[in-house]
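Asks: First the structure, which I've put down as structure tokens, then a few questions once you've had a look.
Every number in this text was worked out from the coordinates using simple rules, so none of it is lab data. Being a predicted model, the structure only gives us computed values, none of them experimental. Glycine also receives a Cβ, built like all others from the backbone with ideal geometry; neighbour counts cover every protein chain displayed.
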Amino acid sequence: MSAEQRKALEAQTMALQSVQSEIATLVGNRQKLESQLQENELVDKEFKILDDSARVYKMIGPVLVLQEKAEAGANVEKRLEFIRDEISRADQRIEQLTKDQEKKSVEIFKLQMELQGVNKA
Amino acid sequence: MSSASTTAANANNGKTQTINLEDLPLAQLQKIKAQLEEELNGLTGAFSQMKQAQAAFRECKGCIDALTPESLDKTIMIPLTNSLYVPGKLSNIENVVVDVGTGYYVEKSKDDAISYYDAKIEYVQNNAKTIQDTVEQKQASYRGLLEIMQYKLTQQQQQQKQQQGAGKQAATDSRA
């Protein structure tokens, strides 16, 4: 009986660890997204205060290519929207996984208590 | 038991909870100490990055200032690769192309570029100040934590001595 419980405990602990490492990866990704968001916001602000006559270049490989200011501005805004969507998706996933992690911790705790109870009896 | 509840507590890292440090056992305090140390390291790293960024922007400003009317038509070396340069002539001393981020570059007049860099330097300075304030706060918490841990440690040691003393007392009593 206690061997089964031990196996269940091990399985749950491994599951918990994998959830935890997934959360850590997601949090790291989210931070990267956050810094990308800030960078793009700076560029967006910069474009907004530019004259229409100012020349905007985009770096494609080693080449600076002249772009239309309007096009570049629109590009950056689209990117911003995309990043914001990604961030909210990542947040949702992180929330989901955190709840999952808590559930698993509680189950592990219960199993541990049961195991100790069986050993005492 | 403590492992399960600590894992749950770590998952709540994003939410701020006011916990009375004095109520926590030594093991918990050690975990918090390790966490604070990690945070402090991260923050000091970010702070030095800010300082480096500031220095880079100042250097950019210095380069722009070097574009004087006298430098028009002066020979300059243009890098084609890391180790290959070609000589060229400085033809435009009015405009510069500034990296604004995410692969975009904007042509600006010298004055606009200088004000751009000034704004960047101020922005980075503000961020650095915020980081510094946070670092000071965390260092204060860290010092407080260390004091509480020291207090608990001495308490623990005293308790152990008392138990040992009581054990000896019981032994001598049973012999007598």
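Asks: List A:ILE94, A:ILE108 from most exposed to least, where exposure is judged by having the fewest other Cβ atoms within 10 Å.
Replies: Details: A:ILE94 17, A:ILE108 21.
The most exposed by this proxy come first: A:ILE94, A:ILE108.
Asks: Angle, helix A:69-120 long axis vs. longest principal axis of chain A, Cα atoms, 0 to 90°, nearest 10?
Replies: 10 degrees
Asks: Compute the helix-to-body angle for B:26-65: its Cα long axis versus the longest principal axis of chain B, expressed 0 to 90° and rounded to tens.
Replies: Helix B:26-65 and the main axis of chain B meet at about 10 degrees.
Asks: Net charge around B:LYS120, counting only other residues with Cβ within less than 13 Å of its Cβ (Lys, Arg = +1; Asp, Glu = -1)?
Replies: In short, -3.
Asks: Turning to a different aspect of this structure: Roughly how many whole Å is it from the C-alpha centroid of segment B:32-87 to that of segment A:58-121?
Replies: For segment B:32-87 versus segment A:58-121, the Cα centre distance is 32 Å.
Asks: If one takes the longest principal axis of the Cα atoms in chain A, at what angle in degrees, from 0 to 90 and to the nearest 10, does the Cα axis of helix A:2-48 lie?
Replies: Helix A:2-48 sits at roughly 10 degrees to that axis.
Asks: Averaged over all directions, how much area does the convex hull of the C-alpha atoms of the protein assembly as shown cover when projected, in nm²?
Replies: Taking a quarter of the hull surface, the average projection is 26.0 nm².
Asks: Under the Kirkwood approximation applied to all pairs of distinct alpha-carbon atoms, what is the hydrodynamic radius of chain B in Å?
Replies: Kirkwood hydrodynamic radius for chain B: 22.4 Å.
Asks: How large are Rg and Dmax for chain A when calculated on the C-alpha trace, in angstrom?
Replies: So, for chain A, Rg and Dmax equal 24.9, 84 Å respectively.
Asks: Could you give the dipole magnitude of segment B:18-103 about its Cα centre, charging the beta-carbon of Lys and Arg +1 and that of Asp and Glu -1, in debye to the nearest 20?
Replies: Values: 7 positive and 11 negative charges, 51 e Å.
In debye, rounded to 20, segment B:18-103 gives about 240.
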